[in-house]
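Beneath this line is the structure, given in structure tokens, with notes to follow.
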Amino acid sequence: MTTRATRTTRTGTRYKAVATVSIGLLALSACSSSSTTEPGAGSTPAGAAGGGQVTLTLATFNQFGYEDLLPEFEKSHPNIKVTHKKAATSNEARDNFNTRLAAGSGMADVEAVEVDWLPEILQYSAKFTDLENPSVDGRWPEWKTKAATDANGALVGYGTDAGPEAICYRGDLLKAAGFPSDRESVAKWLGTSWESYFAAGQQFAAKSKTPFFDSLGATYQGMINQVEKTYEDTDGTVIATTNPAVRKVYDEVVKAGIDNKLSAKLQQWSDDWTASYQKNGFATMLCPGWMVGVIEGNAKGVKGWDIANTFPGGGGNWGGSYLVVPKQSAHPAEARELADWLTAPEQQIKAFQKVGAFPSQVAAQSSPELAAVKVASFNNAPTGQIFSDRFKGISVSPFKGPKYFAINDAMQKALTRIEDGTSTPAASWDKFTADVQALG
Amino acid sequence: MTAPTLVPVRAPEPTPARRRLTRNAIRRSQASPVAYTFLIIVLLASVFPLWWSFVIGSKDATAINSGDVSLIPGGNFLVNARTVVDTLPFWKALANSIIVSTAVGVAVVLLSTMAGFAFAKLRFRGKGVLLVFVIATMAVPTQLGIVPLFIVMSKLGWIGSLGAVIVPSLVNAFGVFWMTQYLKEALPDELIEAARVDGASIFRIFWNIALPAARPGAAMLGLFTFIATWTNFFWPFIVLDPGNPTLPVALQQLQARYYVDYSLVLAGVVLAALPLIIVFAVAGRQLVSGIMQGAVKG
Amino acid sequence: MTVTTKRPPDSSGPAGPGGGDRLPTRPSGIRPRSKLRQRLSRLDGAVSPYAYISPFFILFAIVGLFPLLYTLWVSLHQWNLIGGQGDYVGLKNFTDVLGQPFFWKALRNTLSIFVLSSVPQVIFALLIAAALDSGLRAKAFWRMSVLLPYVIAPVAVVLIFNDLFGDKFGLINQVLGYVGIDPVQWHKDTLSSHVAIATMVNFRWTGYNALIFLAAMQTVPRDYYEAALIDGAGRVRTFFSITIPQLRATIIFVVITSTIGGLQIFDEPRMFDQYGQGGADRQWQTLTIYLYNIGWTQKNFGRAAAIAWLLFLIIIVFALVNFVVTQRIASRESR
């Protein structure tokens, strides 16, 4: 039923790359039984396999950990060359993405999209290739795929990493305040609910001058990611300012961070937040997998960071991205092939080893290679194991509508205003309401 | 789009310049120590930020974060510079900046000299109105056309290409005004009249008389346009992408990231500032006299 | 300035072939030649000027005038960055913008930063110019030294000053700490953020303006000073009673030209923090940042176009006010 010619690359010791030559048949289906051993088997159009050289561009942001993978891909796909361009942040990538999408040209063949602005582009899913392909069946958990599926059932993006959350903490600071500092005891102490986490914070605050967590915004994000319906209803109505669930999280985080003084009031990504890693700025923070790399970078030379295998409310996902193929691409089949290959479990595990972007692939979770990953600068914490456990704890997939990004951005600013002292919590909520209304 | 945000202006003094120049030769008095002290402070203020960025750019993150303030550079500059060059498309940005600034500089000089020649030395209907129009457009912020310009560039498929940066920058009313004023003074009417009587065509007069006479003023205009284009950020930031930036657009990426290492940021600043500092070292005198001439020309 | 009085190298005498080489189609050796030549020359004189000015005007029409008018068209529609043109909505975009507090806040910030950057700038530039005009040794060196910041791109200037203006760990706050002053919340407090941003603008432009003032100072007739000296006036006295009044028009010119740039300020506030939106409470969100955020971040092109037009009108108003003021002063002086 299918015709495939395969060959293994000489250098790819563990990875069998599959080049597909089609003989008149385009409707190929991959018949690899397990995607863990044969990544990226898919269809390739006749033209590409005919020896013509194809250059693909890949656009990512921050750290995807793809630098070493691309040469590998090129080796196994000798007819494809990949140029990689990187934006610094998700926000910058989003601006660029929108600009090129609006321009109708200039997009990369494969573009990385963060989960928070994925809903915006789902509105324009007609401008993207439907990536539905047998080779990726069952690759991701349902919540990950659902977020990238449009109203008509087209799969717009392939999941790259996910952001299962744990709690990162400074063992040395806890110890100095007279608390246990080993991973198990800390996990027990912090508990599994927000109440217990904040209660631990108050105990800590009684014994130490160091703030308990970094910022309202970050903590809020962890909490809101566990709420099913937040800013928009499934029919598109904006409910952000009237939704009691949102207000409840807002009030709770303000109470813990401001009234009970647990927050260091350091807005994430600000200069002061960055610098605070060198100055004992705070004792704990919510920690999606990708945050480990950020902390490592900021806390160079600082000892004491560790990770507790627990998360208030059970589990939660913060961040994570997708690869999409715009219709603008002149080589959609090759682009899909690249996206497919990069998001296969093997590659994402390597990316995790390199930059800490935790794989969102189901098969990756049981991989011994993943479980073996430890981070030396985090007191040798078995991050692979911990985040894999946290990943399994993710149950809620919050609904995110097209205005999610803008509304959440307004909310983050509202929380920053409180911490900056420019607004009271009540006044800041009113400004948030005005911001949301102005979105029109 | 790259007109200098501040343009040289003419002095309103009505008295003839010649007389003033001779007056100027009479030195009032020697500068006082106060003036020197003040200027030394100004000099330090001018140089300090650059020196500071070199100091920080030559350390590593740990040394900066230790919190000790020191004005002595560390030994890490080359390492940081290499990291910057590796993380940013630095050479591409440098090449792009050179291409864009040169193209805009040359084109603006050419367009302005042509128009300035006509306004200064030729008689034609509607000249007065058109010149007023040019001066008025100096007040029109072409920058505000970004929304439709973006739409147009999208339709043309130019987004992301250098053309999208170059073309809107070619309109420079200031350049026309400058060359008009310059040629009015630098090119005696009698010369043109004589050439006309001799039967020289307008083109010949332009090519053989006006252009040579315009050279010093045109060079000045080219220099200022080059610098203004080089330092321009807003529009290039909108239309260019991180893979194909100009220097300021690339530099911006050093800060817009998830962890900011100021030793890298400021090493990048030093690297990016070097080309224009070299230009300044070579042509600084010309810049000074350009600004001062612009101020007194009328 | 030297004037090149070189004659055209191949300029021919009255009897020579004139511009024959450029008019190859003209029949040569025929009597009515000179008449034709005259006519051609007249035509040349009448048409050529337009040929010389047209490139500028054509380009201006395409990338200056047309976008301005098209902005108006866009502003009257619902228009999404990605989705493109939508329904005609009349003035709704304008009423939306004017009805929300954000536009006014952005306008306030813009004006505040403008005032903070132009007033100290003019004062310092005058002082520097006065110092430069006081018979220095190594004049060229001092002049160049004040101009150095001008060649540093605003983006680079912001990056440097951001490090200096860090709220908790920046050099400036550290130094303030040594002398017992509480750290200034540069990125939280509205006025402080404006001061920080204005400092960056001033850093780059003060020396430039000082040179303009210096040039104007040198045109002040020296006998004014001599007379004042004879009257026993000191340096400070003459500076205020002679130099400043004589430079009044130049000062106004400097302010005018900085108005146009100042009202469009983008680079410095955009890069003042990592987020580029002008602060959590829009403390330093200027009009251009507001315009960019609405258009590109919120993707509302219709509303962005409305903001662009409003900003355009504001600039025109400022330009007109400036123009009237200058005219007044000029006419008073010529009297």
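The values are calculated or read from the model by the stated rules, or taken from the named source; none is laboratory data. What you see is a predicted model, and the numbers here were worked out from it, not measured in a lab. Heads up, the Cβs are rebuilt from the backbone with ideal geometry, glycines too, and the neighbour counts pull from every protein chain shown. Note: accessible area is taken over every heavy atom of the protein model, side chains too, but ligands, DNA and RNA are not part of it. Shrake-Rupley method; radii C 1.70, N 1.55, O 1.52, S 1.80 Å.
Candidates B:Phe150, B:Phe54: the one that is in a helix (DSSP H, G or I), open to solvent by less than 50 Å² (accessible area, probe 1.4 Å) and among the hydrophobic types (A, V, I, L, M, F, W, C) is B:Phe150. Condition first: open to solvent by 10 Å² or more (accessible area, probe 1.4 Å), part of a helix (DSSP H, G or I) and closer than 19 Å to C:Pro269 by Cα. Can you find one or more residues in the range C:137-149 that meet it? Scanning the range C:137-149 turns up no residue that is open to solvent by 10 Å² or more (accessible area, probe 1.4 Å), part of a helix (DSSP H, G or I) and closer than 19 Å to C:Pro269 by Cα.
For the residues A:Thr234, A:Thr210, the requirement of being closer than 26 Å to A:Lys400 by Cα and either surrounded by fewer than 23 Cβ atoms within 10 Å (Cβ to Cβ) or free of Cβ contacts under 8 Å to residues at least 24 places away in the same chain (or both) singles out A:Thr234. Can you find a residue in the range A:155-174 that is part of a helix (DSSP H, G or I) and either open to solvent by 20 Å² or more (accessible area, probe 1.4 Å) or not assigned by TED's automatic domain parsing to the domain that holds A:Asn280 (or both)? For the range A:155-174, residues part of a helix (DSSP H, G or I) and either open to solvent by 20 Å² or more (accessible area, probe 1.4 Å) or not assigned by TED's automatic domain parsing to the domain that holds A:Asn280 (or both): present.
Within the range C:53-67, not a single residue is more than 7 Å from chain B (Cβ to nearest Cβ), modelled with pLDDT of 80 or more and more than 24 Å from B:Phe119 (Cβ to Cβ). B:Ile166 falls short on exactly one of the conditions (1) more than 7 Å from chain C (Cβ to nearest Cβ); (2) more than 25 Å from C:Ser41 (Cβ to Cβ); (3) in contact with a Leu (Cβ under 8 Å, 6 or more places away or on another chain), and that condition is (3). C:Ile197 meets each of the listed conditions (1) of a type in the set (A, V, I, L, M, F, W, C); (2) in contact with a Phe, Trp or Tyr (Cβ under 9 Å, 6 or more places away or on another chain); (3) within 12 Å of chain B (Cβ to nearest Cβ) apart from (3).
The residues in the range B:127-139 that are open to solvent by less than 30 Å² (accessible area, probe 1.4 Å) and either more than 9 Å from chain C (Cβ to nearest Cβ) or without any contact (Cβ under 8 Å) to a residue 40 or more places away in the chain (or both) can be counted, and the count is 2. Of the helices (runs of 4 or more DSSP H) lying entirely inside the range A:381-440, not one carries at least 3 residues that are of a type in the set (S, T, N, Q), out of contact with any His (no Cβ under 7 Å at 6 or more places or on another chain) and crowded, with 23+ Cβ neighbours inside 10 Å.
Being open to solvent by 30 Å² or more (accessible area, probe 1.4 Å), in contact with a Leu (Cβ under 8 Å, 6 or more places away or on another chain) and either in contact (Cβ under 8 Å) with a residue 60 or more places away in the chain or more than 7 Å from chain B (Cβ to nearest Cβ) (or both), is that true of even one residue in the range A:83-94? Checked against the condition, which is being open to solvent by 30 Å² or more (accessible area, probe 1.4 Å), in contact with a Leu (Cβ under 8 Å, 6 or more places away or on another chain) and either in contact (Cβ under 8 Å) with a residue 60 or more places away in the chain or more than 7 Å from chain B (Cβ to nearest Cβ) (or both), the range A:83-94 yields at least one hit.
Taken over the range B:57-88, the criterion of being more than 8 Å from every other protein chain (Cβ to nearest Cβ) and either assigned to a loop (DSSP other than H, G, I, E, B) or closer than 25 Å to C:Ala210 by Cα (or both) is satisfied by B:Ser58, B:Lys59, B:Asp60, B:Asp68, B:Ser70, B:Leu71, B:Ile72, B:Pro73, B:Gly74, B:Gly75, B:Asn76, B:Leu88. Residues in the range C:278-306 that are more than 15 Å from C:Val158 (Cα to Cα), in a loop (DSSP other than H, G, I, E, B) and more than 8 Å from chain A (Cβ to nearest Cβ): C:Gly279, C:Arg282, C:Gln285, C:Thr286. If the condition is being touching a helix residue (DSSP H, G or I) at 6+ places or on another chain (Cβ under 7 Å), within 20 Å of C:Gly295 (Cα to Cα), assigned to a helix (DSSP H, G or I) and not polar (S, T, N, Q), then the range C:44-84 contributes C:Val63, C:Gly64, C:Pro67, C:Leu68, C:Tyr70, C:Leu72, C:Val74. Report yes if some residue within the range B:221-241 is part of a helix (DSSP H, G or I), small (Gly, Ala, Ser), open to solvent by 10 Å² or more (accessible area, probe 1.4 Å) and more than 12 Å from chain A (Cβ to nearest Cβ); otherwise report no. The answer is yes; a qualifying residue exists. Name the residues in the range C:258-277 that are β-branched (Val, Ile, Thr) and more than 8 Å from every other protein chain (Cβ to nearest Cβ), would you? Once the filter is applied, which keeps residues that are β-branched (Val, Ile, Thr) and more than 8 Å from every other protein chain (Cβ to nearest Cβ), the range C:258-277 yields C:Thr259, C:Ile265.
From the list A:Lys255, A:Lys248, A:Lys279, exactly one residue is open to solvent by 20 Å² or more (accessible area, probe 1.4 Å), modelled with pLDDT under 95 and in the same structural domain as A:Phe212 (by TED's automatic domain parsing). Which is it? Among A:Lys255, A:Lys248, A:Lys279, only A:Lys279 is open to solvent by 20 Å² or more (accessible area, probe 1.4 Å), modelled with pLDDT under 95 and in the same structural domain as A:Phe212 (by TED's automatic domain parsing).
Yes/no per residue for (1) more than 23 Å from the chain's Cα centre (by Cα); (2) β-branched (Val, Ile, Thr); (3) open to solvent by less than 30 Å² (accessible area, probe 1.4 Å); (4) farther than 28 Å from A:Gln267 by Cα:
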{"site": "C:Pro154", "(1), (2), (3), (4)": "no, no, yes, no"}
{"site": "C:Leu159", "(1), (2), (3), (4)": "no, no, yes, no"}
{"site": "C:Asn162", "(1), (2), (3), (4)": "yes, no, yes, no"}
{"site": "C:Gln185", "(1), (2), (3), (4)": "yes, no, no, no"}
{"site": "C:Val195", "(1), (2), (3), (4)": "no, yes, no, no"}
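Only one of the numbered conditions (1) modelled with pLDDT of 80 or more; (2) open to solvent by 40 Å² or more (accessible area, probe 1.4 Å); (3) more than 8 Å from every other protein chain (Cβ to nearest Cβ); (4) part of a helix (DSSP H, G or I) is violated by C:Val97, and that is (2). Annotation: B:Ser112 fulfils all but one of (1) more than 8 Å from chain C (Cβ to nearest Cβ); (2) buried (at least 21 other Cβ atoms within 10 Å of the Cβ); (3) of a type in the set (Ser, Thr, Tyr); the unmet one is (1). Scanning the range A:256-290 for residues that are in contact with a Leu (Cβ under 8 Å, 6 or more places away or on another chain) and away from chain B (no Cβ under 14 Å) gives A:Ala256, A:Gly257, A:Ile258, A:Ser263, A:Lys265, A:Phe282, A:Ala283, A:Thr284. Under the condition of being within 10 Å of chain B (Cβ to nearest Cβ), in contact with a helix residue (DSSP H, G or I) (Cβ under 8 Å, 6 or more places away or on another chain), of a type outside the set (Lys, Arg) and in a helix (DSSP H, G or I), the residues counted in the range C:205-250 number 22.
Candidates A:Gly316, A:Gly320, A:Gly304, A:Gly289: the one that is under 18 Å from the mean Cα position of the chain (by Cα) and farther than 23 Å from A:Ala88 by Cβ is A:Gly316. Across the range B:208-241, the number of residues qualifying as closer than 30 Å to B:Ala281 by Cα, in contact (Cβ under 8 Å) with a residue 60 or more places away in the chain and of a type outside the set (Val, Ile, Thr) comes to 18.
Within the range C:226-248, the residues that satisfy the criterion of being under 15 Å from C:Asn209 (Cα atoms) and either of a type in the set (D, E, K, R) or surrounded by 20 or more Cβ atoms within 10 Å (Cβ to Cβ) (or both) are C:Leu247, C:Arg248. Here B:Phe280 fits the description: within 16 Å of the chain's Cα centre (by Cα) and free of Cβ contacts under 8 Å to residues at least 12 places away in the same chain.
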